[in-house]
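The block underneath contains the structure these notes are about, expressed in structure tokens.
The values are calculated or read from the model by the stated rules, or taken from the named source; none is laboratory data. Here the structure is a predicted model, which means the values were calculated and not measured. Note that we place each Cβ from the backbone using ideal geometry, even for glycine, and neighbour counts take in every protein chain shown. To get the accessible areas, we keep the full protein, side chains included, count just its heavy atoms, and leave off ligands, DNA and RNA. Shrake-Rupley method; radii C 1.70, N 1.55, O 1.52, S 1.80 Å.
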Amino acid sequence: MSSQDIPEETLPSKQGEHEGAVAAAGDPFADPGIPPHEPRIQDIDERAARRSERVVAFLFVLSMLATVGFIAAYVSLPVDKNIFVFPIGHISALNFSLGLTLGVALFCIGAGAVHWARTLMSDVEVADDRHPIEAAPEVKAKVMADFAAGAEESGFGRRKLIRNTMFGALALVPLSGVVLLRDLGPLPGTKLRKTAWSEGKMLINQNTQLPLRPEDIQVGSLTFAMPEGLKEEDEDFQKQIAKAALMIVRLRPENIKDKRELDWSADGIVAFSKICTHVGCPISLYEQQTHHVLCPCHQSTFDLSDGGRVIFGPAGHALPQLRIKVNDKGYLEAMGDFAEPVGPAFWERG
Amino acid sequence: MSTAADNRRKAPAGERVADWADGRLGIYSLAKANMRKIFPDHWSFMLGEVCLYSFVIIIMTGVYLTLFFHPSMTEVTYHGSYVPLQGMKMSEAFASTMHISFDVRGGLLIRQIHHWAALIFVAAMLVHMMRVFFTGAFRKPREVNWLFGFLLLVLGMFTGFTGYSLPDDLLSGTGVRFMEGAILSIPIIGTYVSMFLFGGEFPGADFVPRFFSIHVLLLPGIMLGLLVAHLILVFYHKHTQFPGPGRTNKNVVGMPLLPVYMAKAGGFFFLVFGLIAALAGLASINPIWAMGPYRPDQVSTGAQPDWYMGFSEGLIRVMPGWEINVAGHTLVLGVLIPLIIFPLVLAAIAVYPFIESWVTGDKREHHLLDRPRNAPTRTAFGVAWLTWYLVLLVGGGNDLWATHFHLSINTITWFVRIAFFVGPVVAFVATRRICLGLQRRDKDKVLHGRESGIIKRLPHGEFVEVHEPLSQEQLHTLTAHEQPKPLELEPEVDENGVARKAGAGQRLRVKLSKGFYGEGTHIPKATAEEYQEITSGHGHH
């Protein structure tokens, strides 16, 4: 662009003098005031301004087209069609098209508006005065006087009987709201101490739904079991399985370090609660060489060959063990409920 | 021909509508004060806008989702179009989320926009808060607005948590289980709170509808109120600005709301919305179909909460499993201590403005921002806090760090346990030193000018680099900051010879003030005399 095409008066040197650009004499660090406005190319060249205008209009038109595209995609694409998009992979065609067209439609409106503001609207900086937030002393005095007058007229300070009974009434009335919360749930009672296990209940394999025999369980395997009689269709299944879930492994009896664990096992088969004693995640990772189980949520690690002792992580106590035996029909069965509450510790646990 | 005569008698339609509204709402007075209100320009001022816009996006998409979501834990059998889960038993909440994702056209997009916007909302709030913190924008008169913002952050985290728990999928159910375990650790009332929250034993059939009303009504309602209050205060206080030529504590320099700021800020809403929409079209988030419905006896590995809960996850993961059993009761310190530290981490940054104003005893209004380097103690505190937060985030993802970088999970856990205490201290010391280095550099630039990169050979053969003196604008900008003096204890004996003893509070305050502003906490900024001495003696050395 050559400068001959630009009208003289729009050139920087011809523009009005800039505001406050007078430095305090002598102080090199003094505030020189708002610097003079630097004109943009669009301020001095109408052709550049027209180019900006076209860019803005183009963006707005693009947005319109994208909205049309959005509606077209909504109407034409089946909801279950998948397409391959590099490098994302196989994704829903509808979600991909709707997201992209909506994104473009919205983004172009924004880009157009911002480009308009940056290139065509005035970018002259102006200063506004601030006003102190604090009220002037006379305003404060007026408010204080008004308040004193109001308080005096109410007799609030003088008539103490009214004041005190009012405070009493206001303090008591929220109690109704608190009382109403009582029926949010039952009292804890002994609910957290009992599970669905009881004497004589067989151990049911969760995968096959069949009672477990000792020979079903190999050394090194991890089996999940639930108590006989509990069905997935039961209304309280979630609540029951949250406490009763069981983890069964088979160890060589000579590898069991804890004496009680050995007593409570059957042919080297030990049954531990699957619910982590930290905050209740189900434990699911078993390392057969070391007999360690790991909770995938917070990495508490328990040694199943040593009474379910905690060997690492944030859990505070050992996994409860379920005492089991082989009944006369050759199935594994519980000899009672867990001796202690399963899952996370709580105040009444003891 | 009626036009000319009519126009004189009748105002244009727009003006008549405005007149009507003014007669009832007083809009002209409102517009007089605000239509050409000045907004200063700085890139970091858009961070708060990202928060506002993502909040609006979340509200809009959230309303759409409520049209299809069934907040119920009634068990149903899935018959939707996602084949792998057909015939499975699941809660209605999960089934309806599947319906939104696979059978409602555009439902997945809106769900993903909602979730992405939530992640961005909380992230933007944290970054916006850091901007306000590191530039000292929280100082008087804006302390209350700082607290409003802080509450929005905390409520945003909990709204997010209750939101991602609603689909009742395997991952979110595990998160809720974790919350239940944490509640159980509260002494005396823990089991009662848990029973009341879940309507009985976990998981029960009540938490989804209850979380739903908390998520869509209670928390967003409070947040909307706080947000409006936050914005009213921003308008009332006017925006802060960085020091520079023409910018003082008594003015605000920038461009008017109408048209520039309206176009920029209004346009920015569309930019944010557009980017999130495209993201939701391209990147899947919370694919509940891959996780399946919740069952308390099942879990997936690599379970992670949404990122903003990550630091609490870190606390709970690295805490040693302490339990104290006394007289038939259990104090579950291993869970209780993280539960107590969780709000303390957040509170540490929330109360800082009040500590700083107490230490400085500064009661003036501040509308000019600090460059972070010019407030080294504050900056160091902020970086220490961020370090703390990031260390805990690492702790919260210790399993992912272990698997991605082939590290021992035990080592990472121990690293986090130690870094929890050591990291912030190291960060504090290092940051303060870096700030002082930057102050030295600024002083050098002011006194000796900018390195021009031009090498000059002197007659006797020496090579020197030519330094260009700074403009007065730059000189002013680099020296406009204040350097507060530490408080001094008042003399033990007053002017009448009466002994007076400073209280413990006052002594602490003076001590802190020395730590904040005393020796070694700043490089004295260049003075006009130094500058003149050097520039006038230019030819002599």
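Ignoring trypsin sites (Lys or Arg not before Pro) that are buried or in helix or strand per DSSP, and keeping those with at most 12 other beta carbon atoms within 10 Å, what is the longest stretch of chain B between them? Kindly include the intermediate steps, with their values, before the conclusion.
On the way: sites that count: B:Lys10, B:Lys363, B:Arg364, B:Arg500, B:Lys501.
It works out to B:11-362.
What accessible area, summed over both chains, is buried at the A-B interface (1.4 Å probe, Å², nearest 100)?
Details: alone 23540 and 29880 Å², together 44910 Å².
So the total buried area for this chain pair works out to about 8500 Å².
Give me a comma-separated list of calculated 3J(HN,Hα) values for the range B:201-216, in order, Karplus coefficients 6.51, -1.76, 1.60 applied at θ = phi - 60°, integers in Hz, x for any Gly or Pro.
Karplus values, whole Hz, x for Gly and Pro: 6, 4, x, x, 10, 10, 5, 5, x, 5, 4, 4, 5, 5, 6, 9.
Contour minus end-to-end for B:Ile454 and B:Leu489, with contour as 0.36 nm per residue of separation and end-to-end as the Cα-Cα distance? Can you show the working numbers first?
Values: separation 35, 0.36 × 35 = 12.60 nm, distance 5.14 nm.
Separation in residues times 0.36 nm, less the Cα-Cα distance, equals 7.5 nm.
Rounding to the nearest 20 debye, state how big the charge dipole of the range B:449-540 is about its Cα centre with +1 on each Lys and Arg Cβ and -1 on each Asp and Glu Cβ.
Values: 11 positive and 15 negative charges, 94 e Å.
That gives a dipole near 460 debye.
With no other cysteine's Cβ closer than 4.7 Å, which Cys residues of chain A count as lacking a disulfide-compatible partner?
A:Cys108
Shape verdict for the range A:17-161, please, from the Cα gyration tensor: rounded (a/c under 1.5), prolate (a/b greater than b/c) or oblate. Before the final figure, lay out each step's value.
On the way: a/c = 3.76, a/b = 1.45, b/c = 2.59.
Taking the square roots of the gyration eigenvalues as a ≥ b ≥ c, the range A:17-161 is oblate.
Taking a point 7 angstrom from the Cα of B:Gln506 along the C-beta vector, which residues in the range B:474-500 have backbone N less than 14 Å away?
Within reach of a label on B:Gln506: B:487-500.
Could you give the distance between the Cα centres of the range A:223-269 and the range B:48-113, to the whole Å?
Result: 37 Å between the Cα centres.
Quick one, could you list the DSSP H helices from chain A stretching 30 Å or more along their long axis (Cα atoms) with average Kyte-Doolittle hydropathy of 1.0 or above? Display every interim value, and only then the final one.
Numbers: long enough: A:46-76 (44 Å, 0.91); A:93-119 (38 Å, 1.23).
For chain A, where a helix must reach 30 Å along its axis and average at least 1.0, the hits are A:93-119.
Post the alpha-carbon centroid distance, the range B:281-314 to the range B:23-44, in whole angstrom.
First find each Cα centre; the distance between them is then 45 Å.
On a C-alpha basis, how far is the centre of the range A:119-191 from the centre of the range A:287-350 in Å? Whole number, if you could?
That distance is 54 Å.
Looking at the square roots a ≥ b ≥ c of the eigenvalues of the Cα gyration tensor of the range B:449-540, which shape do they give, rounded for a/c under 1.5, prolate if a/b is larger than b/c, or oblate?
Details: a/c = 3.68, a/b = 3.24, b/c = 1.13.
Judged from the Cα gyration tensor, the range B:449-540 comes out prolate (a/c at least 1.5, a/b above b/c).
Tell me, what is the FRET efficiency for B:Phe235 and B:Ile285 to the nearest 0.05, using R0 = 51 angstrom and their Cβ-Cβ distance as r?
Details: r = 34 Å, r/R0 = 0.67.
Once the sixth-power term is evaluated, E becomes 0.90.
Let me make sure I get this right: for chain B, a, b and c are the square roots of the gyration tensor eigenvalues over alpha carbons, sorted descending. Under 1.5 in a/c it's rounded, otherwise prolate if a/b > b/c, else oblate. Which is it?
On the way: a/c = 1.89, a/b = 1.31, b/c = 1.45.
It comes out oblate by the Cα gyration axes.
About the Cα centre, and with charges only on the beta carbon of Lys, Arg (+1) and Asp, Glu (-1), how big is the dipole of the protein assembly as shown? Nearest 20 debye, please.
On the way: 81 positive and 86 negative charges, 189 e Å.
Once rounded to the nearest 20, the dipole reads 900 debye.
Take A:Met335 and A:Phe156, extend 7 Å from each Cα along the Cα→Cβ direction, and tell me the distance between the two endpoints in nm.
7.3
Where in chain B are the helices, taken as whole DSSP H runs, whose Cα atoms extend 27 angstrom or more along the long axis and whose Kyte-Doolittle mean reaches at least 1.0? Walk me through the intermediate numbers first.
Working: long enough: B:46-66 (30 Å, 1.79); B:107-134 (40 Å, 1.40); B:143-165 (33 Å, 1.20); B:262-282 (30 Å, 1.93); B:376-396 (30 Å, 1.03); B:409-448 (53 Å, 0.52).
Long hydrophobic helices here: B:46-66, B:107-134, B:143-165, B:262-282, B:376-396.
What is the distance, in nm, between label points placed 7 Å from the Cα along the Cα-to-Cβ direction at A:Gln289 and at B:Val63?
Spacing of the two 7 Å Cα→Cβ label points: 6.0 nm.
Bin width 20 Å, alpha-carbon pairs only: give the P(r) of the protein assembly as shown as whole percents, running from 0 to the bin holding the largest distance.
11, 34, 33, 17, 4, 0
So which residues in the range A:310-350 end up with at least 50 square angstrom less accessible surface once the other protein chains are there, compared with the chain by itself, probe 1.4 angstrom?
A:Phe312, A:Pro314, A:Ala345, A:Trp347, A:Glu348, A:Gly350
Could you provide, to the nearest whole Å², the per residue accessible area of the range B:449-540 with probe 1.4 Å?
That works out to 71 Å² per residue.
What distance in nm separates the simple spin-label points at A:Val61 and A:Lys259, each placed 7 Å from Cα in the Cβ direction?
In this crude spin-label approximation the distance works out to 9.1 nm.
Accessible area, 1.4 Å probe, largest first: how do A:Ile41, B:Ile523 sort? Numbers along the way, then the final one.
Numbers: A:Ile41 75, B:Ile523 30 Å².
Greatest to least solvent exposure: A:Ile41, B:Ile523.
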